[in-house]
Amino acid sequence: MDLKFTGATPTDTERQAVDALLGPPASGWEGAATRSDEDLRWARGGAAAAKDRRDQLLPALHAVNDRVGWISEGALDYICRRLTVAPAEAYGVATFYAMFSLRPRPAKVLHVCTDLACAARGSAALGAELTASLAPAGTPVRGAVWQESPCLGLCERAPAALLLRAGAPHTASVVAPATAGALTDAARAPGAAPAGPPPEAAVPQAGRPGLVLLRRIGTTDPASLDDYRASGGYTALRRAFALGPAGVIREVLDAGLVGRGGAAFPTGRKWEATAQQPDTPHYLVCNADESEPGTFKDRVLMEGDPYALVEAMTVAGYATGARQGFVYLRGEYPLAYERLSHALDSARTRGLLGPDVLGQGYAFDIEIRRGAGAYICGEETAIFNSIEGLRGEPRSKPPFPVEKGLFGKPTAVNNVETLVNVLAILEHGAAAYAATGTGSSTGTKLFCVSGQVARPGVYELPFGASLRELLELAGPPQDLRAVLLGGAAGGFVRPGELDIPLTFEGTRAAGTTLGSGVVLVLDGSVELPRVLLRIAEFFRDESCGQCVPCRVGTVRQEEALHRIKDRTGAAAADDIALLREVGQAMRDASICGLGQTAWNAVESAIDRLGVYK
Ligand code: SF4
């Protein structure tokens, strides 16, 4: 790919896919098939027009990929002409995302998860069977191809696979728990695989009293706005309008709500800082790109209670002075996309979004932007770049998003779980909310329990409950080897440490982290060096590569773990010393959390579990 246009032409199908998103081209300068007399006299486009349209680059790439299954040079060229983007830049963006292909591939692509939770449930054997029954990974066979995938966020149904079928319309379906037979059938069948189970299948506590965030899962129809309202929906927004923006922020501050994505930053302070910025417009971004391996709680919330997110975002937008919200949604979550899209449409129709929300004179709307398979896009500033049509690389901070975020404007970024907590705060009041949990960790927390347990799924417990209590709900194995808390960026806990309180401060004091709520349970059958290698491979693969400590360090880490995968004691000592040195450099000098935490789990396995002794 070059900085200049190559003369490659799109097929009619590719052209139609782009035009369906952007509308027909207005001139020859924008890629119209013929040039008018006017086009020959006037050049149209330029830097300002390009800046205005650049954020349509990712949706346009999706449009072609969804329709055809891959992005040809002609299609990329056409997108570039339509958006006034240099082809080399668009190539850099398209190749950033794992779900796009710039080489021909079949319309049906089967993504088979090989990440931590699925590996603990036999994904390696599944891959071997698929190779035997279908073809090796990456080899097209009868209009389909399968490929290994990082975590698909379907850990409660591991091992899992996602079948994407390009076309008009494109379809996506989940096969989980997956067997080689079911996957082979899905790959060969003309249509999509059968529909998946209802959302409550992912929530073993569904319908039990005392749930706050999960209370509607399995008890309310996620497609019905009437059901949502009948179960208390939009009470919080009405109270927000009664309190006014400053009053809402006061309630959230008094409730002690902190972000549930892992950083635990006070939500009220973030909102206050955004609301106070004189620059306009303000934006609200919901980070629904939960891609930490082993995390799937936000998916369950969006699939099972989508209106709650719509309402919570409206409250957040009102408090922070935003008129436009974006949900940046994992590309691997087709059902959540469908449910949220439906919820947004019906909220608009009923005046709950749009120019005059609930007749209160407040204008707010929400747009979904789909990610395309990049873990790093869960980092808040990487989301901005991704939405703006750039490579999803994190930005250096400061400036912080509350000052200069999306499109360079003040932006509040919260994840799904954090936002949904706001509804409970406004419905019951800050004091009632803060009465649950501990002094520093108020409210309840969602935990994603996967691996070797009898009842994997999303659990909701008050902060302060112990890891033992959580595992007893999920049914731990007899021969518990270790628990990985916080996902690939987290740390291991030994079987003798199950009384750790599940709070931000409690896990920190115990030398681990709560992270985004991942609880991956491993029994005695697990080969820990293989688990560590998988973690290292994941970080090496997902590093965006813009800073040296992370780009080089994640490679060196994986190499060292490869060398010692079958060694212990003195035979591993040199490489463990190297791992410590590399790990410290990544922690100290990486730009963002990926590099800073890429050594956490490995370090804790060495120091707490004595894995190479
Ligand atoms: S730490 Fe890694 S992921 Fe983060 S900016 Fe640097 S290279 Fe990219």
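The values are calculated or read from the model by the stated rules, or taken from the named source; none is laboratory data. From a predicted model like this one, the values you see are computed outputs, not experimental measurements. Positions of Cβ are generated from backbone atoms using ideal geometry, with glycine treated the same way; all protein chains shown enter the neighbour counts. Note: areas computed on protein heavy atoms with side chains; ligands, DNA, RNA excluded. Shrake-Rupley method; radii C 1.70, N 1.55, O 1.52, S 1.80 Å.
Order the following by accessible area, largest value first: ASP523, ASP574, ASP279. Probe radius 1.4 Å; ligands, DNA and RNA are ignored. Display every interim value, and only then the final one.
Numbers: ASP523 25, ASP574 130, ASP279 55 Å².
From most accessible down to least: ASP574, ASP279, ASP523.
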- line: Under the Karplus relation with 6.51, -1.76 and 1.60 and θ = phi - 60°, whole-Hz ³J(HN,Hα) for segment 53-64, x at Gly and Pro, equal 9, 4, 5, 8, 5, 5, x, 5, 5, 4, 4, 6
- prompt: So which cysteines of the chain have no other cysteine's Cβ under 4.7 Å from theirs?
  reply: CYS80, CYS151, CYS155, CYS286, CYS377, CYS448, CYS544, CYS547, CYS550, CYS592
- prompt: Any idea what Rg and Dmax come out to for segment 339-399 if you just take the C-alpha atoms, in Å?
  reply: 15.5, 41
- prompt: Say each of ASP607 and GLU505 gets a label point 7 Å from the Cα, pointing the same way as Cα to Cβ; how far apart are those two points in nm?
  reply: 2.2
task: May I ask you to derive the relative contact order of segment 366-446, considering only C-alpha pairs under 8 Å and at least 6 residues apart, and to give it as an integer percent?
output: 14
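Give me the Kirkwood hydrodynamic radius of the chain, using the inverse of the mean 1/r over all pairs of distinct Cα atoms, in Å to one decimal. Don't jump to the answer; show the numbers that get you there.
Working: mean 1/r = 0.0399 Å⁻¹.
Answer for the chain: a Kirkwood hydrodynamic radius of 25.1 Å.
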Pair ASP226, THR95: separation of 7 Å Cα→Cβ label points (nm): 5.4
Extended-chain gain in nm, criterion 0.36 nm per residue less alpha-carbon gap, ASP279 and THR349: 22.1 nm
- prompt: Can you pick out the pairs among LYS270/LYS404; LYS51/LYS409; LYS270/LYS397; LYS297/LYS445; LYS51/LYS397 whose Cα atoms lie more than 18 Å from each other?
  reply: LYS51/LYS397
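For a quick check of your reading of the filter: which GluC sites (Glu not before Pro) in segment 493-537 sit in a DSSP loop and have no more than 15 other Cβ atoms within 10 Å? Don't skip to the answer; put the middle values down first.
Values: sites: GLU497, GLU505, GLU527, GLU537; in loops: GLU527.
Counting only loop positions with at most 15 other Cβ atoms within 10 Å, the GluC sites (Glu not before Pro) in segment 493-537 are GLU527.
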- prompt: Assigning unit charges at the beta carbon (Lys, Arg +1; Asp, Glu -1) and nothing else, what dipole magnitude in debye, to the nearest 20, does segment 259-400 show about its Cα centre?
  reply: 140
- prompt: How high is the relative contact order of segment 98-175, in percent, with contacts defined as C-alpha pairs under 8 Å that are six or more residues apart?
  reply: 39
task: Multiply the residue gap between ALA32 and SER466 by 0.36 nm, knock off their C-alpha separation, and tell me the result in nm, one decimal place.
output: 150.0 nm
task: Could you tell me which of rounded, prolate or oblate describes segment 219-331, using a ≥ b ≥ c as the square roots of the eigenvalues of the alpha-carbon gyration tensor, with rounded for a/c under 1.5 and, failing that, prolate when a/b is larger than b/c and oblate otherwise?
output: oblate
- request: For the chain, give the percent of accessible area contributed by carbon and sulfur heavy atoms, probe 1.4 Å, rounded to a whole number.
  value: 53
- request: Report, by chain and number, residues whose modeled amide H sits under 5 Å from the one on LYS108, excluding near sequence neighbours (fewer than 5 apart, same chain).
  value: VAL145, ALA166
message: Suppose only helical runs count, i.e. DSSP H with n ≥ 4. What mean residue ellipticity at 222 nm does that imply for the chain under -39500 (n - 2.57) per run, divided by all residues and rounded to the nearest 500 deg cm²/dmol?
response: -12500 deg cm²/dmol
task: Can you tell me the FRET efficiency between TRP42 and SER341 if r is taken as the Cβ-Cβ distance and R0 is 45 Å, rounded to the nearest 0.05?
output: 0.70
field: Solvent-accessible area per residue for the chain (1.4 angstrom probe, square angstrom)
entry: 38
- request: Take every Cα-Cα distance within segment 102-250, group them into 5 Å bins from 0 onward, and report for each bin the whole-number percent of pairs it holds.
  value: 2, 9, 15, 15, 14, 11, 9, 8, 8, 5, 3, 2, 0
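Using Cα pairs under 8 angstrom and six or more residues apart, how large is the relative contact order of segment 123-244, in percent? Don't skip to the answer; put the middle values down first.
Values: 118 pairs, mean separation 18.0, N = 122.
Averaging sequence separation for qualifying contacts and normalising by length gives 15 percent for segment 123-244.
Starting with the highest mean, order 580-593, 160-173 by the number of other Cβ atoms within 10 Å, averaged over the residues of each peptide. Display every interim value, and only then the final one.
Numbers: 580-593: 18.1, 160-173: 19.7.
Taking the mean over residues of other Cβ atoms within 10 Å, the ranking is 160-173, 580-593.
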task: Calculate the all-directions average of the projected area of segment 193-240's alpha-carbon convex hull, and give it in nm².
output: 4.4
